[in-house]
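Remarks on the structure that follows.
The values are calculated or read from the model by the stated rules, or taken from the named source; none is laboratory data. Keep in mind that this is a model prediction, so the values were computed, not measured. Every residue, glycine among them, receives a Cβ derived from its backbone with ideal geometry; neighbour counts consider all protein chains shown. Surface accessibility is based on the protein's heavy atoms, side chains included, excluding ligands, DNA and RNA. Shrake-Rupley method; radii C 1.70, N 1.55, O 1.52, S 1.80 Å.
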Amino acid sequence: MSHKISSLEQYREVYQKSVQQPEAFWSSIAESFEWEKRWDNVLKWNFISPEVKWFSNGKLNITENCLDRHLVLDSDKTAIIWEPNGINEPTRKLSYKELAEEVNKFSNVLRDLGAEKGDRICLYMPMVPELTIAVLACARIGAIHSVVFAGFSAQSLGDRINDAGCKILITADGLFRGSKTVNLKAIADEALELTSVIKSVVVFKRTGEDVPMLPSRDYWWGDLMEDASIEAAPEIMDSEDPLFILYTSGSTGKPKGVVHSTAGYMIYAYYTFLNVFQYESEDIFWCTADVGWITGHTYIIYGPLLNGATTVMFEGVPNFPDAGRFWAIIDKLQVTKFYTAPTAIRSLMAAGTDFVNPYKLSSLKVIGSVGEPINEEAWHWYDEHIGKKRCPIVDTWWQTETGGIMIAPIAHVTPTKPTFATLPLPGVQPILVDSEGNELKENDVEGLLCMKFPWPGIIRTTYGDHERCRQNYFTTFPGLYFTGDGCRRDKDGYYRIIGRVDDVMNVSGHRLGTAEVENAIDEHKNVIESAVVGFPHEIKGQGIFAFVITESLIGDITQFENEIRDLVSKIISPIAKPDKIVVVPGLPKTRSGKIMRRILRKIAEGDTSNLGDITTLLDPGVVDEIIQLIQIKK
Ligand code: WT7
């Protein structure tokens, strides 16, 4: 039976059913998978502890559904098309059969290294097919993968390895990103100094540069794969066994490890990919994200492969060798469905249509957006110059914690509206509440976006710290999952996401906590305290504005700013570097010592006309001083 929705009336019907009979709705989708043993119970849940269990006691392996299942009829179909960073290197294709064999071989490699069900394995890799192979091999043997984006620093990598207690690290000698080469192994080695949990390191050869290899710890991917068998029995997993951990930033403390389950995530990735993009078997689907983020997990790897689709993996960046690279690849590979981020659209828009015009883009059928609110101008540019007004734009709202798309148009089905993520997908029950948690039942309202019922892809816990999961998502409004986003629902019931209302910033679609960046800045020997906020940035969506109190007077301000930026790059990642840094005599604090970020945000936006009530501040005078300092700086 097809689970693909093909008209708006059908969407309304299916949506009704998914709300009235969620168990029947989701089990009809679960039926279409391969199970080793059927589940006993579709759903058990509460949003208080919280505890959510989908398809309890079902037994399965997700890779049988991603790979083996397609080998009967589609073994020669292309699973992955890999487009390298450089334009002179050839495109590489892997059929479902080839991918399955590579996954089996690497599963045997991991087992030979002592990996067992439940072990955590860290992946710190370039965007090469071996990253996907490694992810799936972990899933095949029941090990929990923790992919760390290869743009993160040694410190961030080390922290994540330690938090998850990873036993094996899979990395590469280096990577190519635009005109740059990054020595990944050197960063990995630095991270390994910070941890003692890793027993083996597998190094994939990508750049061919000389890297030190530690005997009886470091192994070359190629050597280990040489004699590995192409058969590997899948580990039988429980529906609720964790599939992966993915770290993401929150409003407090260090990034937390979001844990996703096996069956629920699988069903949700499959269903949302099929419907939102209206997947057809001849599609060439390209999601431009990195596998290091949830978008890459769900819409480069799992969603497409569960549907038997052809998925594109691109190693490079949008502006190398020039700002026409995306459009060149679309024509070259005849991409039918394309999924990218507003920040990429804005930067390519700024480069001008001269970079688009040489390309036909006639293969495109659906174009998507994800990661941050898409502004009106970028939406129209995307519609006009890329979709040529023929392709629906699917503006998809979701989060690392939701596992898959939650609010989005279904391509060709849901009428789109610029900047609106439109309507909830079947099974998704959003509600808007005011700051006291009262439900805003009407349309044409603005409030805080929550979910009142579980969907299969929901976060199960934060690794090693369930209390943090409870605190973060389930205590703000008891009985609800709180997303952290502000949202508008218009007169037609369409949702428009406004942005985070907590201390989480969204810089070029990358999620960063203010506390995380502040902690990095505070490591500078001359810094006493800092506060950072996001501010509107033309390309990045949000930029980072840092207010810093120093111990002594700064002589060379440029040097100081460089030191701060270097420090943040080193501790977190270059993506977290503050755009603006201003040294201030003090910070606006309440009498209880809490920094009033609301005021700093206004100052950073350059909107000082209406700062609201500042009389409750410990020292209201400091606000004027900061405003003056910024004016001098300009
Ligand atoms: C936050 C989640 C989920 C994939 C990538 C980001 C923002 C995400 C949209 C959108 C407006 C969006 C939200 C959300 N966001 N998609 N279509 N429109 N805002 O995942 O790193 O977990 O970040 O990204 O603020 O809470 P993430």
Original post:
How about the stretch 380-420: which of its residues are of a type in the set (A, V, I, L, M) and within 12 Å of the ligand (Cβ to nearest atom)?
Top reply: 393, 394, 405, 406, 407, 408
Subject >> Residue count for the stretch 204-228, restricted to those that are assigned to a helix (DSSP H, G or I) and in contact (Cβ under 8 Å) with a residue 40 or more places away in the chain >> reply: 3
**OP:** Identify all residues within the stretch 6-27 that are open to solvent by 80 Å² or more (accessible area, probe 1.4 Å), polar (S, T, N, Q) and in a helix (DSSP H, G or I); write none if there are none.
**Re:** 16, 20
Original post:
Here are 236, 230: which of them is open to solvent by 50 Å² or more (accessible area, probe 1.4 Å) and within 23 Å of residue 31 (Cα to Cα)?
Top reply: 236
**OP:** Take the residues in the stretch 484-497 that are open to solvent by 40 Å² or more (accessible area, probe 1.4 Å) and part of a loop (DSSP other than H, G, I, E, B), then tell me which one is nearest to the ligand (Cβ to nearest atom).
**Re:** 492
**OP:** Just one of (1) touching a residue at least 40 places away in the same chain (Cβ under 8 Å); (2) of a type outside the set (Phe, Trp, Tyr); (3) buried (at least 16 other Cβ atoms within 10 Å of the Cβ) trips up residue 36, so point out which.
**Re:** (3)
Subject >> Among (1) assigned to a helix (DSSP H, G or I); (2) acidic (Asp, Glu); (3) over 22 Å from the mean Cα position of the chain (by Cα) - the single one residue 231 does not satisfy >> reply: (1)
Original post:
From the set of residues in the stretch 452-473 that are open to solvent by less than 10 Å² (accessible area, probe 1.4 Å) and out of contact with any helix residue (DSSP H, G or I) (no Cβ under 8 Å at 6 or more places or on another chain), which is farthest from residue 54 (Cα to Cα)?
Top reply: 469
Original post:
Can you tell me which of 459, 431 is among the β-branched types (Val, Ile, Thr), under 21 Å from residue 273 (Cα atoms) and touching a strand residue (DSSP E or B) at 6+ places or on another chain (Cβ under 8 Å)?
Top reply: 459
Original post:
Looking at (1) outside the structural domain of residue 301 (by TED's automatic domain parsing); (2) surrounded by 13 or more Cβ atoms within 10 Å (Cβ to Cβ); (3) without any contact (Cβ under 8 Å) to a residue 40 or more places away in the chain, which is the only condition residue 3 fails?
Top reply: (3)
Original post:
Out of all the residues in the stretch 343-369, which are surrounded by fewer than 18 Cβ atoms within 10 Å (Cβ to Cβ) and either assigned to a loop (DSSP other than H, G, I, E, B) or of a type in the set (A, V, I, L, M, F, W, C) (or both)?
Top reply: 350, 351, 352, 357, 358, 359, 360, 362, 363
Original post:
Can you pull out the residues in the stretch 358-374 that are closer than 23 Å to residue 299 by Cα and either away from the ligand (no atom under 16 Å from the Cβ) or in contact with a Gly (Cβ under 8 Å, 6 or more places away or on another chain) (or both)?
Top reply: 361, 362, 363, 364, 365, 367, 370, 371, 372, 373
